[in-house]
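The values are calculated or read from the model by the stated rules, or taken from the named source; none is laboratory data. Source: prediction; values computed, not measured. Cβ coordinates were reconstructed from backbone atoms using ideal geometry, including for glycine residues, and neighbour counts include every protein chain displayed. Accessible surface areas use protein heavy atoms only, side chains included; no ligands, DNA or RNA. Shrake-Rupley method; radii C 1.70, N 1.55, O 1.52, S 1.80 Å.
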Amino acid sequence: MNQLRVCVAGATGWAGSALARGIVEAADMELVAAISRSHAGKTLGGVIGREGLTTPIYGTAEDALKTEPDVFVEYTKPDAAKFHILSALKHGAHVVVGTSGLTNEDYEEIHVTAQEVNRGVLAVGNFALTVVLLQKFAEMAAKYISHWEIIDYAHAGKKDVPSGTARELANRLSKIREAELEVPLEKIEGPRETRGARLQGTQVHSVRLPGYIISIDAIFGMPDQKLILRHESGTSAEPYVNGALLAIREVGKLVGLHRGLDSVMKF
Ligand SMILES: NC(=O)c1ccc[n+]([C@@H]2O[C@H](COP(=O)([O-])OP(=O)(O)OC[C@H]3O[C@@H](n4cnc5c(N)ncnc54)[C@H](OP(=O)(O)O)[C@@H]3O)[C@@H](O)[C@H]2O)c1
């Protein structure tokens, strides 16, 4: 069997290290390179505590891409992500994006480059199956209910707002329609910020407080009734591994940018 050669940027991090372990256990994949600035020059096994894992860690994408991966996984931080993705595409790799915080403008640029080089990019704000289902249910609800808002919750230290999950959900719902507002934003009395940010036609509110782990509410309101779709994560990165492995297996069949794991799932 021809193994898929995979490079993980951010393989020493919380999400990336769980994925790296998953890749090592997958018979159809080989982890050929890892990226982390602070552990460059070491082997990944020693850093993430997995004996026998000799994958080299590089400090830059440029160096890691010399290993010629088939698939490059971006799991670092938004300030580095776009550069990594564009570099990987130019080196002939398909790209799976797990990093949150990229803007729609970033994704437009990535889409153009991916098409130019005939490679696929699969960007998934949340790889967990329960989130993929929430997105699907929300899309169904938005066809029937014209008023909705999103609340995204996370621990106090999460810098990027809103979460990748909230951004992706707003993007999906925008393809159905814009959420209606009873009182237009310009007619609000009081601080406008309290009504949240308008993101692709949806009001999005981000709560960042100690004691919270990542969760999201998509609230659909109709006169005298409402529907609340809620997703809550646990504390481990385990729920994201299987979805990311599926994305790695399927991204090579795509050209251009695709958002959401459901682009490669059957419903
Ligand atoms: N899509 C999903 O389902 C999902 C799930 C979980 C997390 N996420 C997102 O994934 C991203 C990573 O989250 P995390 O919690 O794993 O973060 P983390 O624990 O802080 O890990 C970040 C990793 O990226 C590396 N890194 C950071 N900046 C870099 C740079 N400029 N160049 C090269 N490597 C760099 C870090 O190593 P060095 O500092 O040594 O460079 C580390 O390996 C976040 O955007 C998060 O929101 C998405």
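The lone criterion from (1) under 20 Å from GLU250 (Cα atoms); (2) in contact with a His (Cβ under 9 Å, 6 or more places away or on another chain); (3) not in a loop (DSSP other than H, G, I, E, B) left unmet by VAL73 is number (2). Among the numbered conditions (1) within 19 Å of the chain's Cα centre (by Cα); (2) within 14 Å of the ligand (Cβ to nearest atom), the only one that ILE23 does not meet is (2).
Of the residues screened, ALA170 is one that is without any contact (Cβ under 8 Å) to a residue 40 or more places away in the chain, open to solvent by less than 20 Å² (accessible area, probe 1.4 Å), of a type in the set (A, V, I, L, M) and within 18 Å of GLY101 (Cβ to Cβ). All of (1) assigned to a loop (DSSP other than H, G, I, E, B); (2) away from the ligand (no atom under 16 Å from the Cβ) hold for PHE220 with one exception: (1). Can you find a residue in the stretch 243-265 that is more than 24 Å from SER17 (Cβ to Cβ), modelled with pLDDT under 95 and more than 15 Å from the chain's Cα centre (by Cα)? Yes, the stretch 243-265 has at least one match. Would you say HIS84 is over 18 Å from the mean Cα position of the chain (by Cα) and over 14 Å from LEU257 (Cα atoms)? Here the answer is no, as HIS84 does not meet what is asked.
Within the stretch 137-164, the set of residues being within 14 Å of the ligand (Cβ to nearest atom) and of a type in the set (D, E, K, R) comprises ASP152, LYS158, LYS159, ASP160. Filtering the stretch 115-161 to residues that are in a helix (DSSP H, G or I), more than 17 Å from the chain's Cα centre (by Cα) and touching a residue at least 60 places away in the same chain (Cβ under 8 Å) leaves GLN115, PHE137, ALA138, ALA141, ALA142. Screening ASN2 on (1) part of a loop (DSSP other than H, G, I, E, B); (2) more than 17 Å from VAL124 (Cβ to Cβ); (3) touching a helix residue (DSSP H, G or I) at 6+ places or on another chain (Cβ under 9 Å) shows it passes everything except condition (3). Among the residues of the stretch 182-207, the one identified as hydrophobic (A, V, I, L, M, F, W, C), over 26 Å from the mean Cα position of the chain (by Cα) and open to solvent by 50 Å² or more (accessible area, probe 1.4 Å) is VAL183.
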